[in-house]
Structures are given as structure tokens and as C-alpha cells.
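Here the structure comes first, spelled out in C-alpha cells, and everything after it is commentary.
The values are calculated or read from the model by the stated rules, or taken from the named source; none is laboratory data. This one's a predicted model, so the numbers in the text were calculated from it and none came from an experiment. We place every Cβ from the backbone using ideal geometry, glycine too, and count neighbours over all the protein chains shown.
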Amino acid sequence: MTYYHSSYGPPKKKSRTFRRILWIFILIVLLIGSGLAYFAYGVIYKPNVWTLEGKTVQIKIPTGSTFEDVKQLLYKNGLIIHRNDFEWVADFKKYGELIKPGNYSIKNGMSNNDLINLLRSGNQTPIKVIFNNNKNTLDLAGKVAAQIEADSAQIVNYAYSEEFSNISGLDSIEISNIFLPNTYEFYWNTSAKGFVNRMLEEYEKFWTGSRSALADDIELSRDEVIILASIVEKETQKNDEKPTIAGVYLNRLERKWLLQADPTLLFALQDNSIRRVLNVHKKIDSPYNTYKHLGLPPGPICIPSIASIDAVLNYDKTDYLYFCAKDDLSGYHAFAKNITQHNRNAKKYQKALDELRIYK
């Protein structure tokens, strides 16, 4: 009997062992890959932002900031839970090359991906810029600079620059007229140029339509309306009597009387400590002394509110020619049609001041 030896037995066993090892290796790689993927997913998409009491936080990234600046801003406010994870995702998404300044709303529970996408997009949250009760452009610029990135010097310098004068056609006295006290929406990183140009746009919108027609009706230019409104603004804080006071001054202008407005004297004297206007004050040599010079002063004595401007445009048509503060010191005024009535009212007010020992 002849025997034949097979040469295929042992190699089959080796092949099965190799395949088993290969599958085990593949399984290990898949497990490791899955673990890494899960870890990466967590780093990228899981919440990594914490805010106090879950409230939205506003952060302001200045123009020219680096990634290091942004990191310190976030870390200083305690917003990032795992800093290394945030930095890894920021590096992965190349945020350092795409930093955009502005005011951003950071919400509790944001992921690194959400946060970096927001900061990269430049999708910032506008802010409300409010200014009122302003003495002049410098005063206004200081209040605005506390709310946007541009500083007060930049705002004033551009407002009075030749560049803006050529754009607006306004001279140095008229410049303050464009700043109408109100609440405006701006991006925080608005430049001085952007702010002033926007105010010019708002000024033109303000005078479009009915207000220009009303100014024509009383035969005053825009600038003259604002000058008179600035006097009304300083005469009273009571909006409901502003149209009556405006009517008194318009009656005097129509009759070509001296305005005899005490606020213009205080502006000329530049002395805020005066509480009682005396005859000696009326002697000051100034174009703003309306006890000496006919008509309106050369410029506004403050930046008037919209309420005061509209009071001039919609003044009360009365026969009043005089007014003085009421003796109850309520802030309201007593109005008179003739000098006899006015002197009677003035005497009551002077007596009230005497009783309070306010002599100057």
C-alpha cells in the first residue's frame, strides 16, 4: 500500500491564527479610534462654558487683540471650564488667524465649537448707546466713549476735522447740532469716524419731513431752532411747560425785543455756582448776553433734548411775554402778559429765595 503525505495541513492552522490576530488588531484599532473619536467629540461639542447663575455674559474684544488677549479675557471672567480643550479646538479651527473685535454674548453651556464659531463669525451683539444732558460736544464725547471702543479725543478730533467739515458742510459752532440726545444702537467697536458720521445721518433723518416744514413756518433755520431749544432746555426740566416757554421767546423775537434769557448769561459767565442772577451779571460783555444783544446768541448753550427741539417747533401760541420761577420752588414757572403781572410774580419768587438765604 502506498501512502501520500499532504503538505496543506499545518499552513491552514497558521492562516486561521493570522486572521484571528488580524481581526483582534483591527478590533483594537477600532476601539481606540472610537475612543479617540468620542474624546474628540466631547472636546469639540460638549458644554465647556460656565456663567454665574447661568446668565449670558457680554465680553468685549478690543481691536487688534491676539489669541492670547482673548484667552485672558475669557479666563479672567471664569468662563472656560477646561482650558486645554478650548485652546486645542481654537488651534484646530485656526481661530488665532481670524480674531474679530466686538461685543459678544457668551451663553452658559456653550461648547468649544459654538464659542469659537461665534467669535470667528464676528456676529457680535449691538449695544444701546445713550446720551443726554450734555453741555457741549466734549461732554457728550466723554459719555459716548464710556460706551463704545472709540475714545473721547478721537470723537472730538474727527468731529472738528477738515474731513468731516467737508462731508457735513458744518462750521465749528454748528457741529454740536448733529448730536441729538437719544438712545441709539451701535456695535461696540464702532470707530470715532463711524459714530460721528452716523450722528450726521440721524440728524438728517430727524429733520426730514414735518420738522423742516415746522421750522419754515416759524421762519427759523435748523440751527436757530436748536439754539432756541438749548435756551428752553436750560430754563426748565418740565417737558410739559417747554412749549409755553418757547412761545414766550418767539413772541419776543417777533416783537424784536431782547430775549433777556438768564441761561445765556450763565453760559457767558461759565459759573455753575450762580443760583440767583443779579444785575451785575447782566453787564458781562459777551455775544451770549441776551440782555445786551438782540436776537438769538451765536450758538447753542448746550445740546438740547429732542423734547426741547419739538417744544420750539410746536410752541404754545399765547400772549405771554414774561415768565419767572414759581415761588413754591416746584421747578415750574409763572407766566405773565404784561410787566405789572411779571413784577408781581418776580417779587414772590425773590421773597422765597430770601427766605432760603439764597442771595447769589
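Remarks
- Qualifying residues in segment 145-161 (those that are of a type in the set (A, V, I, L, M) and not in a helix (DSSP H, G or I)) - the one farthest from ARG198 (Cα to Cα): ALA146
- Options ASN166, ASN133, ASN157; residue that is out of contact with any strand residue (DSSP E or B) (no Cβ under 7 Å at 6 or more places or on another chain), among the polar types (S, T, N, Q) and more than 16 Å from PHE179 (Cβ to Cβ): ASN166
- Answer residue from segment 175-206, given it is loosely packed, with under 15 Cβ neighbours inside 10 Å and outside any helix (DSSP H, G or I) and is farthest from the chain's Cα centre (by Cα) among those: ASN182
- Filtered residue count, segment 326-360, keeping only those that are in a loop (DSSP other than H, G, I, E, B) and not acidic (Asp, Glu): 12
- Considering segment 231-278, and only residues there that are touching a Leu at 6+ places or on another chain (Cβ under 7 Å) and not hydrophobic (A, V, I, L, M, F, W, C), the residue that is farthest from TYR315 (Cα to Cα) turns out to be ARG276.
- Residue match in segment 126-144 (condition: in the same structural domain as VAL196 (by TED's automatic domain parsing) and of a type in the set (Gly, Ala, Ser)): yes
- Qualifying residue in segment 162-174 (condition: of a type in the set (Phe, Trp, Tyr) and either more than 21 Å from the chain's Cα centre (by Cα) or assigned to a loop (DSSP other than H, G, I, E, B) (or both)): no
- Output for segment 73-117, where each listed residue is closer than 25 Å to ALA146 by Cα and not in a strand (DSSP E or B): LEU73, LEU74, TYR75, LYS76, ASN77, GLY78, LEU79, ILE99, LYS100, PRO101, LYS107
- Residues of segment 133-144 satisfying the condition of being in a loop (DSSP other than H, G, I, E, B) and either at pLDDT 95 or above or of a type outside the set (D, E, K, R) (or both): ASN133, ASN136
- Screening PHE323 against (1) under 30 Å from ALA215 (Cα atoms); (2) touching a residue at least 24 places away in the same chain (Cβ under 8 Å); (3) assigned to a helix (DSSP H, G or I) leaves a single unmet condition, (3).
- Boolean, GLU149 is closer than 15 Å to LYS128 by Cα, crowded, with 16+ Cβ neighbours inside 10 Å and among the acidic types (Asp, Glu): yes
- In segment 273-305, the residues that are within 21 Å of LEU220 (Cβ to Cβ), of a type in the set (A, V, I, L, M) and loosely packed, with under 15 Cβ neighbours inside 10 Å: LEU294
- Sole residue being touching an Asp or Glu at 6+ places or on another chain (Cβ under 8 Å) and touching a residue at least 12 places away in the same chain (Cβ under 8 Å), chosen from ALA268, ALA246: ALA246
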